[in-house]
Amino acid sequence: MASLRDLRDRIKSLKNTQQITKAMKQVAAAKIRRAEQLRSQSRPYADAMSDMLRELIDAVGSIDHPYMKPGKPGAPAGVILMTADKGLAGSFNSNAIAAADAYRRDAQGGVKWYSIGVKGRNHLRRRDEIEQFWPQSSGVKIDVSREIAQKVGDDFLAGKISNIVLISQKMISMMVQRPEQRELVPVTREQKEEKRGPRSAVEFEPSPEAVLSKLLPKYLEFTIYSAMLETDAAFFAAQLMAMTNATDNAGKLIDEITLEMNKARQAAITKEILEIVGGAEALAS
């Protein structure tokens, strides 16, 4: 059995850990509100762009844009792996990395990686070469997403990659985040025919083809931007839950060790009483 000093030291260490996890929980709770607000603000623009893109694709008979055509045969797939820069969020980063590893195993012509987030970069560079890396928290996100879209778009047009795939976390709820795999380029008609219902008559100037040629790069850019906002919100939600569980578990361990310490103290007191009684009886005899 551990000594009383050891038990007291363990309780002190657990209380210090509990203070840290409680502070991180409060920080995550504050940050998730901001991240969720940004994600909600971007959603109407994303929906409007998606609707316009669907209308344009339906209005154009023959589509002559590189993003609407298959990539170079035999070229590796271009995969954007999006993770967080930090950990302490349960299985948040590892689930996205596992989805990337699964894609690598199934890829026929190899994979060219574009990493967003330190955790994904650290995993990929152990076994693969990374084409380019961007921290999740670097600069203004819309500017970073524009840079990423420019880089992967140029590589696709140059024939260095056959397609553009995004692997990122999707926030289902505060307690559930799941990795999502989306092929962004080439854009197909089926990708933009998910919504059905009455459609309004839309006129495009100068022509649907001209508007589509301008919209497709913006679609790629804003999809990456939206995924970065989603990753932020999902990360803080995962970290909030992880720190809540860690704080609760520390409290349970403190209670268990305190009970063990009280038992050890009581045993020591009982032993001392027995020794005193034994000594008194020996003197009396």
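List of remarks:
- The condition of being farther than 24 Å from MET228 by Cα and loosely packed, with under 14 Cβ neighbours inside 10 Å holds for only one of ASP47, ASP64, that being ASP64.
- Every condition in (1) crowded, with 19+ Cβ neighbours inside 10 Å; (2) within 16 Å of the chain's Cα centre (by Cα); (3) within 28 Å of GLU256 (Cα to Cα) is met by LEU88 except one, and the failing one is (1).
- Residue within region 4-24 that is within 19 Å of the chain's Cα centre (by Cα) and either assigned to a helix (DSSP H, G or I) or at pLDDT 85 or above (or both) present: yes
- Filtering region 101-156 to residues that are part of a loop (DSSP other than H, G, I, E, B), on the phi < 0 side of the Ramachandran plot and without any contact (Cβ under 8 Å) to a residue 60 or more places away in the chain leaves ALA107, GLN108, GLY109, ARG125, ARG126, ARG127, ASP128, GLU129, PRO135, SER137, SER138, VAL140.
- In region 206-219, the residues that are closer than 20 Å to ASP47 by Cβ and modelled with pLDDT of 75 or more reach residues that are β-branched (Val, Ile, Thr) and buried (at least 17 other Cβ atoms within 10 Å of the Cβ) with C-beta atoms within less than 8 angstrom, at least six apart or across chains, in these pairs: LEU212/ILE57; LEU212/VAL60; LEU212/ILE63; LEU216/VAL187; TYR219/VAL187.
- Total residues in region 110-120, condition under 21 Å from PHE156 (Cβ atoms) and either loosely packed, with under 15 Cβ neighbours inside 10 Å or of a type in the set (D, E, K, R) (or both): 2
- Unique match (being within 30 Å of ARG10 (Cα to Cα), assigned to a helix (DSSP H, G or I) and at pLDDT below 90) among GLN266, GLN239: GLN266
The values are calculated or read from the model by the stated rules, or taken from the named source; none is laboratory data. No experiment lies behind these values; they were computed from the predicted model shown. Note that each Cβ is placed from the backbone with ideal geometry, even for glycine, and that neighbours are counted across all protein chains shown.
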